[in-house]
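Structure, as structure tokens:
What follows draws every value from the coordinates through simple rules; no lab data is involved. Predicted model only: the values in this text are computed from it and were never measured. Methodologically, a virtual Cβ is constructed for each residue, glycine included, from the backbone with ideal geometry; neighbour enumeration extends over all protein chains shown.
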Amino acid sequence: MTTLEETLREALTRKKILLMTHLVLGYPSFEVNREVIRQMVKNGVDMIEMQIPFSEPVADGPMILKANQESISRGVKLEQCLEFAAEITAEFHIPFIFMTYYNILYKYGIEAFIDRAYDINIQGFIIPDLPPEEGKEYVELAKSRNMAPIQIFAPTSTKERMQLLAQNGAGFIYCVARRGVTGKKTDFDQDFNEYIARCRSATNLPLAVGFGIRSKKDVDFLSGRADIAVIGTETIRLVDEKGAEAVGPFIASLR
Amino acid sequence: MTTLEETLREALTRKKILLMTHLVLGYPSFEVNREVIRQMVKNGVDMIEMQIPFSEPVADGPMILKANQESISRGVKLEQCLEFAAEITAEFHIPFIFMTYYNILYKYGIEAFIDRAYDINIQGFIIPDLPPEEGKEYVELAKSRNMAPIQIFAPTSTKERMQLLAQNGAGFIYCVARRGVTGKKTDFDQDFNEYIARCRSATNLPLAVGFGIRSKKDVDFLSGRADIAVIGTETIRLVDEKGAEAVGPFIASLR
Amino acid sequence: MIKKGYYGHWGGAFIPEILFETFKELNVYFEEAKNDPSFWEEYLQLMSSYSCRPTPLTYAGNVSKHFGGAHIYIKREDLNHTGAHKANNVMGQGLLVKRMGKKRVIAETGAGQHGVATATMAAKFGFDCTIYMGEEDVQRQRPNVFWMEKMGATVVPVTDGSKTLKDAINEAFRDWVTNMDSTHYVLGTVCGPHPFPEMVAWFQSIIGIEAREQILKAFTKLPTRVYACVGGGSNAMGIFQGFLQDEQVGLVGVEAGGKGLSSGEHASRLAGSDASPGVAQGYKTMFLQDSDGQMLDTHSVAAGLDYIGVSPILSDLWEKGRVRFTAATDIEVMEALDLTMKKEGIIPALESAHGFVQAFKEAPDLGTEEAIVINMSGRGDKDIFTIANAYGDPSWKKFIIERAEQYKNDKE
Amino acid sequence: MIKKGYYGHWGGAFIPEILFETFKELNVYFEEAKNDPSFWEEYLQLMSSYSCRPTPLTYAGNVSKHFGGAHIYIKREDLNHTGAHKANNVMGQGLLVKRMGKKRVIAETGAGQHGVATATMAAKFGFDCTIYMGEEDVQRQRPNVFWMEKMGATVVPVTDGSKTLKDAINEAFRDWVTNMDSTHYVLGTVCGPHPFPEMVAWFQSIIGIEAREQILKAFTKLPTRVYACVGGGSNAMGIFQGFLQDEQVGLVGVEAGGKGLSSGEHASRLAGSDASPGVAQGYKTMFLQDSDGQMLDTHSVAAGLDYIGVSPILSDLWEKGRVRFTAATDIEVMEALDLTMKKEGIIPALESAHGFVQAFKEAPDLGTEEAIVINMSGRGDKDIFTIANAYGDPSWKKFIIERAEQYKNDKE
Ligand SMILES: Cc1ncc(COP(=O)(O)O)c(C=O)c1O
Ligand SMILES: Cc1ncc(COP(=O)(O)O)c(C=O)c1O
């Protein structure tokens, strides 16, 4: 079992549902990132995914897309992201994972990237454009360092597919709540219940649910169904509109 | 022999070269036409071709083209041209001929048109788009009324062709001095001498030379070579630029 | 009393004397070419390697279903090099010019298609080239002017008369009577003095030869009717010739109805009652003229149909009842265009769309065991300025305005 | 270790999990189609009746003589319906979509050609259609936008990133991950996740199959070299496939050299040294990216070549030395275009003109007993705004300014 899964399982003994939040490194700036993370941790977030910006974020919706592109166009470099991440993991003691696209790893060197992340004390990776068929080396390298190559389930995934994904994954499973990209609302309906049931039956890993989770109502709905609620676009919007200070109260309001 | 030819031959016994001038009916107005004709006759013009305007004057250059189109666009009708012609032939006692395109005759009815012209005391016709092959009816009808279906020689015409044209023609032959449309200058050179010699050898009819004749120098050059010098565009230009009064002195200066 | 170059009592060669020898020579070369099978071989070879002949016959399944009657087939002259049937005529005349040893070509153009085709041919054959184009058409068809110039042709805007096709023809004749020794006048349609109607019809007959074979193959029997727009009549004569012998095939020519046959603003010679027999531009046919014989101003949304005369061959076929004539209004044309684009992904030229209008009107009354063929004489790309205008497309206007601002700033 | 969809170590299918089943289905249908001879039959039938296949191979005698070396032949993909090779791919995918029973198609477009082709196909097949197009390209290729809309497609200008082709691709993917049940993404070039490179190459192979037959017939032997411009690489792969087995035939891909290979403003992946291996837009290839793996802004006068990646199949053929890559600068392109218009009466698309540049450079060094073939991927009409701009044509500018005034007055 990866350290990440252990940490999450431990937390789940205390809380009915965990919260994972998201931010894009360097957007709107590392200073704001730092403040946002502080607010998140202080208000009980259990895990944070730090997105390393990429110029072609195909799986992301307009909000996160814009954050990626602005971060890059303001000159943010991968090295800065890694150094910032090291600083953060040293300061805050919850699990941090990297979310990014495969080219960032590929260009850096997959093993070198994983080693660097390991040194920084990153617990896992979400790489939405890297299916296990293409990511064998990555999966093996991450697992060999006891890090989590987090896999993604989608509503379109069959049970067989989920089982294969789960075998390749570790830490937890990121269950995409619906079709589409990040940032749009999700209707949690009967289809969703069937989907989550399918996810459960395919793996013993904790299940995180993301895409379109915005409110206490959403989190409450997931409570008992999933293990982790993922807040993505919503905090970016909040920071854009009201500044970093608004993040704390928002997180506090979710549980 | 047509009346026209007789008249010309008679005049040639007195003058070395005759002058034929040209105007476009209704351009710039019938009043100006009237004044121009008066000046022409007074200053010794021997024959006048009155062009009935046509919307598609393909054989004419920019100056006469514009005169045709302005006359029509100012509302000048064929009937007015005919009535004006009747008035003129009654007043002035030199030969008048109609120059126009075939459609004017065709649309009016060829026989009707020729009869009408006969009544008006018109002596002949120049129809530049009616070769004898297409104009049999016209040639016969005109000749039967002792009017002249004037034929055109061109520098490109062979001797055989000229003979055929001459057979169809009467009154005189209109020798186009050069390639092209009306209104451009003509260089009278060795080629021209050969051309005129060819014309002479093909017919006994008097020879008129037109296209590009503008000055006493041109008329002098033609003297002894041709029987009639045709002044076309030049008087239109003169009237446009200096008014009808300028026509008299200009004509007087030519001989 | 049938003279050479006459069709019934239409046609002839009403040419100024200065061109007599030029026409004699042209007739000799043309007759020679017609009687020389290797000429037609060379023509076919050129058209299949430089242009895209045979052009396809497309089954328009969606509009056929939409109208629920006859099966509609489209003969795709738009897929010719330069985008219209004009290429057929021009390339043929190009081969003839080569035979004659002349080094310069001139042409009139209305829609610009014939001008582009001629400029193209001149580039290909290495001839000098001057194109006469009514100033109004220069405005309507600016992109075509641009391409002609780029292909090395000189485009002369004609500012006389109505500033459209007929005036461009007059101006081309004026050039020709000056430069006939070096120059061939590539007349663009099946009009003008003999041998032009016969010559252009001959080159365009390739459309009908192909179309007849193709419809027999695709539909196993002859079409009930064949539709073509008629400006001068070259594309119509082109396709009709394939079916003239087949008496059971109805031939329908569609003229420019403009703002309506009774509006005075149209270019319908044979469909309406405004035209009468006349002689102009070197030939005898039905012309739109007044009682004095002055030619009238014509109107059509399609520059290529905006013409006073019509092929003498068509006047004859009309008189004999072999070809039926109708007219399509500007508004009907835009509707047919819209439908064809949306249903078939095909953009007919505004000229061609006239043929579509009538076919669409008649298709529903025919049975599903019948087929009709529309000759799509050209593609509509060239008409973008006119079509965008006609639809009042706001984003197009915005684009043009922005572009203009840019150009203005460039200047400063 | 050759996995499915890999060419050497290039290619793959780096797709989000949500599309896994969609791709599985697509692969199944595609394999089925590939193995069903009647599918290719239907494809050929469609292409020969709706488009103009086989497209001709034109002998460019004048430029051949001009350069005095190899005989230059031009494969005329410009004569396809919609004016470019894009039709081949799009019609093929259309048939596949019909098989899959989907009712909506989406596509990215750069030059607009693929968008027009897709909108056309959608109209023909009765599909709903949305086209994503970088905002900069919407500006560069406005006429194409107009026609797409007229054919019933929705054109969405993409304002993210560099606002060009790559961003349009991203946006199309975003649509697809939302609507994959109803929708097929008609990728426009031989890139993207497997099976797209294989599929697009298959449909485009029709170019090479024809070209090989045609040159053997016209020249009795194989060409020394074959030239094609390379954006994503589909027209190049299309023609190259006909000659891959003929080792004696040199294959030359010409990329966008923009303002020069050392200017940083170009789109040369394989000809220059600015690209490196990467993974984006679902596949692994040589990308123009920085040391972090962020994609760079590219530049070309030709919107259709203005792209960061290149076909994985071509990266493989490049690595193996089977295809040689060079680049043509914007300026060279305008010169080649000018020459081709003036000498041959042919207007290549700006994209295609890149291939002409290199062919013209190399032709003089070959012997007159040799032939070369240029793939003319499309026609240049669509580029009138860009070309008129590039030439700074004053009468075009004047025309646009006048038109704009007219539109402004209409508004008031
Ligand atoms: C596309 C197209 N169709 C039709 C015509 C009309 O000519 P015709 O009646 O000779 O075919 C033109 C003339 O320019 C044209 O460009
Ligand atoms: C005419 C033309 N040629 C070439 C291309 C480049 O694409 P590819 O390299 O896939 O042929 C395009 C793309 O839009 C195009 O429109």
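Would you mind ranking A:Leu12, C:Leu26 by Cβ crowding within 10 Å, fewest neighbours first?
If I rank by nearby Cβ atoms, fewest first, I get A:Leu12, C:Leu26.
Each Lys or Arg adds one and each Asp or Glu subtracts one; over the other residues with Cβ under 13 Å from the Cβ of C:Ile346, this totals +2.
For the residues of A:152-160, the average number of beta carbons from a partner chain within 10 Å of their own beta carbon is 4. Cross-link partners of C:Lys166 among aspartates and glutamates, defined as those whose alpha carbon lies under 13 angstrom from its own and excluding same-chain residues fewer than eight positions apart: B:Glu56, C:Glu108, C:Glu135, C:Glu136, C:Asp137, C:Asp297, C:Asp306. Rounded, prolate or oblate: pick one for the range A:3-253, where a ≥ b ≥ c are the square roots of the eigenvalues of its C-alpha gyration tensor, a/c under 1.5 means rounded, and failing that, prolate if a/b is larger than b/c, else oblate. Rounded, because the longest to shortest axis ratio a/c is under 1.5. Annotation for A:Glu87, label-to-label distances across the other copies: 10.2 nm (shortest first, one decimal, point 7 Å from Cα along Cα→Cβ). Largest mean-square fluctuation among C:Met237, C:Met286, C:Met341, in a Gaussian network model of chain C whose springs join Cα atoms under 10 Å apart, belongs to C:Met341. Chain C residue nearest by beta-carbon to the axis mapping C to D, with distance in Å: C:Ala404, 2. Across peptide D:141-149, the mean count of Cβ atoms from other chains lying within 10 Å of each residue's own Cβ comes to 5.
Peptides D:403-410, B:229-236 ranked from most to least packed, by the mean per-residue count of other Cβ atoms within 10 Å: B:229-236, D:403-410. Please rank C:Ser162, A:Ser71, A:Ser144, C:Ser352, fewest neighbouring Cβ atoms within 10 Å first, as an exposure proxy. Fewest-to-most Cβ neighbours within 10 Å comes out as A:Ser144, C:Ser162, A:Ser71, C:Ser352. Springs join every pair of Cα atoms under 10 Å in this Gaussian network model of chain C, and among C:Tyr29, C:Tyr43, C:Tyr227 the largest mean-square fluctuation is at C:Tyr29. Distances between equivalent label points of B:Ala246 across the copies, with each point positioned 7 Å along Cα→Cβ, amount to 8.3 nm, shortest listed first. Converting the Cα gyration tensor eigenvalues of chain C into ellipsoid dimensions via √(5λ) gives semi-axes, longest first, of 29, 27, 22 Å. The range C:69-85 and the range C:188-253 have their alpha-carbon centroids 13 Å apart. Counted by neighbouring Cβ atoms within 10 Å, the residues D:His9, C:His354, B:His93 run from fewest to most as B:His93, D:His9, C:His354.
Count Lys and Arg as plus one, Asp and Glu as minus one, and take only other residues whose Cβ is under 15 Å from that of C:Lys284; the net charge is then -3. Charge dipole of the protein assembly as shown (Cα centre as origin; +1 on each Lys and Arg Cβ, -1 on each Asp and Glu Cβ, all else neutral): 660 debye, rounded to the nearest 20. Rounded to whole Å, the principal axis extents of the Cα atoms in the range A:20-89 read 31, 24, 15, largest first. When every Cα-Cα distance of the protein assembly as shown is counted in 20 angstrom steps from zero, the calculated P(r) takes the values 10, 33, 28, 17, 8, 3, 0 percent.
Placing unit charges on the Cβ atoms of the charged side chains and taking the dipole of the protein assembly as shown about its Cα centre, the candidate lying farthest along the positive direction among C:Gln289, B:Val230, D:Leu79 is D:Leu79.
In this rough spin-label picture, where each label sits 7 Å from Cα along the Cβ direction, the D:Ser262-A:Asp115 distance is 3.6 nm. Comparing Cα centroids, the range B:176-255 and the range A:172-194 end up 95 angstrom apart.
Straight-distance candidates among the lysines for linking to B:Lys184, with alpha-carbon spacing under 20 Å and chain neighbours fewer than 8 residues away dropped: B:Lys66, B:Lys216, B:Lys217, B:Lys242. The other copies place their C:Pro394 label points at 3.7 nm from this one, listed shortest first, where each point is 7 Å from Cα along Cα→Cβ.
Ranking request for peptides C:246-256, B:50-60: highest mean number of other beta-carbon atoms within 10 Å first, then the rest in descending order.
Most protected by this proxy first, the peptides run B:50-60, C:246-256.
Under a cut-off of 12 Å between alpha-carbon atoms, report the aspartates and glutamates in cross-link reach of D:Lys284, not counting same-chain residues fewer than 8 places apart. Output for D:Lys284: A:Asp129, A:Glu134, D:Asp316. Its alpha carbons give the range C:193-295 an Rg and a Dmax of 15.9, 51 Å.
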